[in-house]
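The structure under discussion appears below in the form of structure tokens.
The values are calculated or read from the model by the stated rules, or taken from the named source; none is laboratory data. Remember, it's a predicted structure, so these values are computed and weren't measured experimentally. Glycine also receives a Cβ, built like all others from the backbone with ideal geometry; neighbour counts cover every protein chain displayed.
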Amino acid sequence: MVLKMEKRVIFVTGATGFIGGRVIEKLSNDNKNTVIAGVHNWSNAARIGRFPIIMRHCDVLNLPSLKKTLNGVTHIIHCAAGSDEIIIKGTSNILNAAMGLKVKRLINLSSAAVYGKISGLIDESVVPNPIDQYGKAKLCGEKECFKYMLQRVPIVILRPSIVYGPFSQKWTIGIGRQILRKKIGLSSGFEGKCNLLYVDDLIDAIFLSLHKEEAVSETFNVNGPEIVSWNDYFRIFNRLLSSEALISIKHTEYLRLMVAANFLGPVKIAAKLALAKQESLIRFIYRRFQLMRKIMDGVENEIKLNINSSDLRLFQLRAIYETKKINRVLKFKPRTSIETGLKKTIAWMKHVEII
Amino acid sequence: MSYYPTIAIVGCGAIVETFYLPSFHKLGYAKNKIILVDTNNDRLHKLGDKFELKKMTIDYRKILNKVDGVIITTPSYLHFEQTIQFLKNGVYVLSEKPLVTSFSQYKKILNLEEKSGYKILINHTKRLFPVSIEIKNKINSGVIGKPLGFDYSEGGQFTWPTASGFYFQWDKGVLIDRGSHAVDLVCWWLGKPKSISYIDDSFGGSEAVALLNFKINSCKGRIKFNLFNKLSNKYYIKGAKGEISGDIYDFTSFLLTNYSDKSTVKITLPTKQKTYFDFADILIRNFIDMISNHADPLISVSDIKDSVETIDYCYRHRQRFNMPWF
């Protein structure tokens with residue numbers, strides 16, 4: 001996609017993440033504009049480090065340093081995500097800094113998770129009602145955006161659906177591993193709608209939002225070209241991934257999954273808390289004792305491979321995120337079929353030896 | 001210790017905090033004989049407070065002729081220039097790997113070292129591992145017969161707590177970083193690789209996935225690095241009579257298989273070092289001995305010639321992986 005000719009200084013927050021990383025990859029050969037990657041943790045910069053780009057340390061929770069970091073920036077693509085604090089306070093800080101800099105455009109990556117547990121065709125007029133923590137935090141981030149829109153900060157809010165592709169932990173690597181380990185399969189509980197959006201199509205939407213005037217102060221759903229069920233997604237993924245048949249999950253097994261999901265939730269929270277409070281001690285034990293390393297790896301794998309309760313709810317949800325508005329206003333057309341997107345993704349998974 | 005040479009530490013990143021300074025502390029080294037140097041003043045004071053060191057400066061050029069030795073731990077692409085400057089001022093150097101980023105730099109440093117009479121020690125820690133030394137002995141003594149195959153894979157998400165991010169802000173990556181160790185071991189154990197083919201995923205920046213195939217006489221070898229995903233993290237050396245294999249992070253034991261009786265034994269070596277960080281003690285003792293008594297460095301400039309030349313060849317002939325998802 002060719003950007004407008006004016007010289008821009010584009011800053012990407014969360015540049016080492018799944019979506020921010022792809023934005024950087026796509027912008028890396030853009031010779032007309034200056035692209036700056038905002039990096040919070042240098043240890044995560046291996047992906048974008050492959051490109052000769054400018055990187056700046058970026059802490060969205062530290063407003064004074066953020067203002068310095070963003071000095072001279074004309075456009076911001078805000079992809080930073082993580083804890084509730086990063087999503088809410090981080091977005092507020094970015095907006096505050098952007099207003100001071102009089103930026104020409106700020107793209108805020110929200111999520112279709114803001115809609116919550118609503119079925120049917122969902123367009124942007126539907127009142128959001130998130131149920132999970134992530135959706136609630138994203139909605140708070142949007143509310144911050146609305147405040148700054150009133151101050152004439154040129155903001156665009158995008159609500160992508162299920163974004164998949166290379167480097168996607170949740171909807172790509174996680175699902176692929178679950179399929180191969182036979183932890184996921186066909187089930188009557190997975191007949192909900194799977195609104196798959198290949199990451200490159202989302203990047204197209206971001207770039208359109210970046211240069212089209214009509215995008216300013218608007219909120220857009222972004223979705224892929226095909227709506228299938230989660231069962232269909234697993235079926236296609238399995239066909240491209242494995243020569244073996246996808247497992248069928250019977251009702252009793254589905255009930256067991258639900259029980260396990262409810263049990264694993266608190267285990268996951270406890271593990272996260274322990275790691276947050278005693279990270280250096282845990283890492284020392286992990287490095288020093290082989291048996292503990294095996295046990296910790298085993299527990300981590302088990303947690304990752306099991307389906308959690310919010311995913312089980314999502315797999316039942318019969319919601320379709322309507323994209324007529326973005327198609328009409330920005331002439332957005334998702335180009336990547338699920339088959340093509342997954343083929344590219346699997347080629348990447350093989351390359352990095354995830355499978 | 002009766003004599004404490006004055007030693008500057010240039011670059012005060014994570015390696016200094018976790019590897020070098022704890023070792024000086026263990027040795028009971030005179031605190032007024034260590035000078036910390038870093039362009040980041042906050043970082044200097046943080047380390048100064050932690051290790052009770054008072055001497056510090058933000059400009060290494062101010063202490064070029066005021067120290068007996070220097071430990072260089074700055075970003076890799078600065079090692080060469082800084083080593084040259086200290087050598088010219090009659091200062092012994094302990095450099096983090098890689099000492100140089102090209103073979104032409106290597107030749108200049110070797111030449112200067114010979115002329116100056118001041119020696120350089122390079123931190124190729126894996127050469128100090130008991131396992132590495134024993135494997136070299138086993139190969140040399142013909143225990144596994146003529147080497148026929150070599151495989152080394154190292155992969156895992158990059159977790160080094162780099163404070164500056166320099167790893168990812170130049171055109172060389174995992175090959176010169178992790179590869180400086182792995183390629184050095186190959187050269188040390190088996191000889192200089194020939195018929196090299198090398199591919200990586202750089203688009204002008206630092207590569208994160210790299211694959212090196214080579215031959216050394218009748219031995220076919222492969223080294224693979226991956227900063228995105230955990231690999232087997234094992235090595236094996238297959239010979240005509242047997243093979244050696246092990247975990248790349250295990251510095252005390254390896255497996256030795258004898259094809260004739262189909263036996264595999266685990267060889268565990270005695271060592272005082274409990275963790276990787278304890279190997280700093282060996283390096284620092286050797287470095288002090290170099291300065292005080294003109295001892296030879298445990299890992300010298302001439303020791304790393306083949307690995308520097310091999311890595312240089314790889315970068316000059318690098319090709320990119322076919323990556324259809326781009």
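Across the range B:274-302, what is the number of residues that are crowded, with 16+ Cβ neighbours inside 10 Å, among the β-branched types (Val, Ile, Thr) and within 14 Å of chain A (Cβ to nearest Cβ)?
Of the residues in the range B:274-302, 0 are crowded, with 16+ Cβ neighbours inside 10 Å, among the β-branched types (Val, Ile, Thr) and within 14 Å of chain A (Cβ to nearest Cβ).
Scan the range A:36-43 and tell me whether some residue there is in the same structural domain as A:Tyr134 (by TED's automatic domain parsing) and touching a residue at least 60 places away in the same chain (Cβ under 8 Å).
no
Restricting to the range B:216-255, count the residues that are basic (Lys, Arg), more than 14 Å from every other protein chain (Cβ to nearest Cβ), surrounded by fewer than 18 Cβ atoms within 10 Å (Cβ to Cβ) and touching a strand residue (DSSP E or B) at 6+ places or on another chain (Cβ under 6 Å).
1
Being within 14 Å of chain A (Cβ to nearest Cβ), assigned to a loop (DSSP other than H, G, I, E, B) and free of Cβ contacts under 8 Å to residues at least 12 places away in the same chain, is that true of even one residue in the range B:258-273?
Taking every residue of the range B:258-273 in turn, none turns out to be within 14 Å of chain A (Cβ to nearest Cβ), assigned to a loop (DSSP other than H, G, I, E, B) and free of Cβ contacts under 8 Å to residues at least 12 places away in the same chain.
Hand me the list of strands (runs of 3 or more DSSP E) wholly inside the range A:1-89 holding 3 or more residues that are among the β-branched types (Val, Ile, Thr) and within 14 Å of chain B (Cβ to nearest Cβ).
Working: elements: A:9-13, A:34-39, A:54-57, A:75-78.
Correct list: A:34-39.
Within the range A:299-341, track down each residue that is within 14 Å of another protein chain (Cβ to nearest Cβ), assigned to a helix (DSSP H, G or I) and closer than 28 Å to A:Glu124 by Cβ.
Scanning the range A:299-341 gives A:Thr340, A:Gly341.
Would you point out the residue of the range B:163-183, among those that are within 22 Å of B:Ile311 (Cα to Cα) and either polar (S, T, N, Q) or surrounded by fewer than 16 Cβ atoms within 10 Å (Cβ to Cβ) (or both), that is modelled with the lowest pLDDT?
Among those that are within 22 Å of B:Ile311 (Cα to Cα) and either polar (S, T, N, Q) or surrounded by fewer than 16 Cβ atoms within 10 Å (Cβ to Cβ) (or both), it is B:Gln169.
Would you confirm whether or not the range B:165-180 contains a residue that is within 27 Å of B:Glu17 (Cβ to Cβ) and away from every other protein chain (no Cβ under 14 Å)?
yes
Which one of the conditions (1) free of Cβ contacts under 8 Å to residues at least 24 places away in the same chain; (2) away from chain A (no Cβ under 14 Å); (3) in contact with a helix residue (DSSP H, G or I) (Cβ under 8 Å, 6 or more places away or on another chain) does B:Thr310 fail to meet, given that it meets all the rest?
(1)
Could you tell me how many of the residues in the range A:165-194 are under 15 Å from A:Lys350 (Cβ atoms), hydrophobic (A, V, I, L, M, F, W, C) and in a helix (DSSP H, G or I)?
Summing the residues that are under 15 Å from A:Lys350 (Cβ atoms), hydrophobic (A, V, I, L, M, F, W, C) and in a helix (DSSP H, G or I) in the range A:165-194 gives 3.
Might you check whether a residue that is aliphatic (A, V, I, L, M) and crowded, with 20+ Cβ neighbours inside 10 Å occurs anywhere in the range B:108-116? Step through it out loud before you land on a result.
Initially, the range B:108-116 is screened for residues aliphatic (A, V, I, L, M), giving B:109-110, B:112.
From what is left, the residues that are crowded, with 20+ Cβ neighbours inside 10 Å are B:109.
Within the range B:108-116 (the criterion being aliphatic (A, V, I, L, M) and crowded, with 20+ Cβ neighbours inside 10 Å), the answer is yes, since at least one residue qualifies.
Just name the residue that is surrounded by the most Cβ atoms within 10 Å (Cβ to Cβ) out of those in the range A:306-351 that are in contact with a strand residue (DSSP E or B) (Cβ under 9 Å, 6 or more places away or on another chain) and among the small types (Gly, Ala, Ser).
A:Gly341
Can you name the residue in the range A:160-205 that is crowded, with 24+ Cβ neighbours inside 10 Å and more than 21 Å from A:Leu314 (Cα to Cα) and, of all such residues, is farthest from the chain's Cα centre (by Cα)?
My answer is A:Ala205.
For residues in the range B:199-215 being touching a Lys or Arg at 6+ places or on another chain (Cβ under 6 Å) and surrounded by fewer than 21 Cβ atoms within 10 Å (Cβ to Cβ), which is farthest from the other protein chains (Cβ to nearest Cβ)?
Among those that are touching a Lys or Arg at 6+ places or on another chain (Cβ under 6 Å) and surrounded by fewer than 21 Cβ atoms within 10 Å (Cβ to Cβ), it is B:Lys215.
Would you tally the residues in the range A:144-164 being in contact with a strand residue (DSSP E or B) (Cβ under 8 Å, 6 or more places away or on another chain) and either assigned to a helix (DSSP H, G or I) or not assigned by TED's automatic domain parsing to the domain that holds A:Lys193 (or both)?
The total comes to 3.
Give B:Ile15, B:Ile120, B:Ile72, B:Ile7 a once-over and let me know the one that is touching a residue at least 60 places away in the same chain (Cβ under 8 Å) and touching a Pro at 6+ places or on another chain (Cβ under 8 Å).
B:Ile120
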